[in-house]
Amino acid sequence: MTQPMFFNRQALHLRPDPARVIVRPFKPATEPRHFNAVDKTRANHIVERVLGLDPVEVAKQLADVLDNFAGRHRNLLHLFDARASEMEIAFDPHAVFTDAQRRLVGAYFLHEYSFEASALFNPSIVRHPDQSGIRDGRCRFILSLRAVGEGHISSLTFRTGLLDADGKVSVDPTARLASVPTVTNRTAMPDGDDVEVVFSSGDDLSERVIFPITNTQVNGIEDARFVEFEDNGRRRYYATYTAYSGSAIRSELIETTDFRTFRMTPLRGSAAGNKGMSLFPRKLDGRFAMIGRQDNENLYLIFSDDLYTWNGGQAFLKPSYPWEFVQIGTCGSPIELDEGWLLLTHGVGPVRKYSIGAALLDKTDPSKVLARSREPLVRPDPTERAGYVPNVVYTCGGMRHGDRIILPYAVSDTFSNFATIKIAALLGAMES
């Protein structure tokens, strides 16, 4: 089957770049609190060997490291110093390090990680908080993407770009370097750690990589669904995402006003134990509203008084058509139209084939489904089905721009693409 005529693919592909790297802690051990006896023994052997070098050799080895990795990272000496300090918890009592010894020791406990070596996918799009200098009809946007590297570890990265009045999309060049933020606050909570992080003010947005920090997300920050949220004239950006510990998943929330400082908070309640939650862009009757899928099959409308606690919910959308018989889920936050809430959905069909559809929900009572697409808006193209996970098209959120929906979407869990959809044509093709 072909795509609908109103679905316009753009010739713009964002592909993973294995040359983009960040510096991560190296075993032994990944985190100081995870040290075991073998890790400590190996760590102290390294310290002994460095202390056994004469000062000239230490200086030579440090200079060689700096020369080898020059231009690949910012502030390498600072990173070496900080890593040596983190490792002190594992070190036996030792002679006081010289500056050169400490930095060389720190270098032994770091490694480069190619955070998007395998995939760059499942994008979501929001208006950039800075729209200065943009001509009428154009819009600056921020794109969030899920990046996957060695060990199938997912992190969150960003791009910026422009939308023209006619819906044409352009993405800004990606910065050569990449960096992770500094953790400025970490609070232990019953459901997991609440974490605040900040990036350097001089970093380009495309440099910023939010890598897993807490135990609940140590194996992945997956599928962030960003939405621009307005409450009494106050604008913030929220995103629900799936935190993967390696053995369990749960939904968490990230929030920011400037995409430089972020807070990550675990969500509580019976509806937060699964993935794929999508927040409405404003309160409904004074309450926060979310669409989730806590039963692994159907979509639920859920409300919360505090944004962080989500219980119960009302099932309102169930698989109806063959392309979604296995399960349905959200593809990002509902988009507000004059006609109602446009909800992009994904459906799973035969041979675990993922397609993207849509439903129109009542503006006042979103549990009422006014219309939905009998056939997918986009399904895996035979020429693009090969990839990290075959037969999948997926998005974590589109955005309205004028009379169009701008839809970034991923292909075969490998790379990302863009399409535009005329709103009137889409609504006309949906069935009551």
Burial ranking of peptide ranges 60-70, 264-274 (average Cβ count within 10 Å, highest at the top)
264-274, 60-70
The size of the Cβ-based charge dipole (Lys, Arg +1; Asp, Glu -1) of the chain about the Cα centre, to the nearest 20 debye, is 660 debye
Tell me the label-point distance for the pair Asp305, Asp166, using the 7 Å Cα-to-Cβ offset, in nm and rounded to one decimal.
5.3 nm
First measure r as the distance between the Cβ atoms of Ala70 and Arg282, then evaluate 1/(1 + (r/R0)^6) with R0 = 45 Å and state the FRET efficiency to the nearest 0.05.
0.40
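On alpha-carbon atoms, Rg over Rh for the range 295-341 using Kirkwood Rh?
That ratio equals 1.02.
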With charges set only on the Cβ (+1 for Lys and Arg, -1 for Asp and Glu), what does the dipole of the range 1-160 come to about its Cα centre, in debye to the nearest 20?
920 debye
Restricting to DSSP loop positions (anything but H, G, I, E, B) with no more than 16 other Cβ atoms inside 10 Å of their own Cβ, which trypsin sites (Lys or Arg not before Pro) remain in the range 320-363?
Lys363
Filtered hits (lysines, Cα-Cα < 24 Å from Lys40, offset >= 8 within chain) -> Lys27
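Using a Förster distance of 35 angstrom, determine the FRET efficiency expected from the C-beta separation of Val183 and Ala59, and round it to 0.05.
Calculated transfer efficiency: 0.65.
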Within a Gaussian network of the chain (alpha carbon springs, distance under 10 Å), most fluctuating of Gly52, Gly106, Gly161
Gly52
Alpha-carbon radius of gyration plus Dmax, which is the widest Cα pair, for the range 51-125 in Å:
15.9, 54
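Can you give me the orientation-averaged projected area of the convex hull built on the Cα atoms of the chain, in nm²?
If you wrap the Cα atoms of the chain in a convex hull and average its projections, you get 22.2 nm².
Coordinate-derived values only; no laboratory data. No experiment lies behind these values; they were computed from the predicted model shown. When we count neighbours, we look across all protein chains shown, and the Cβ atoms used for this are built from the backbone with ideal geometry, even at glycine.
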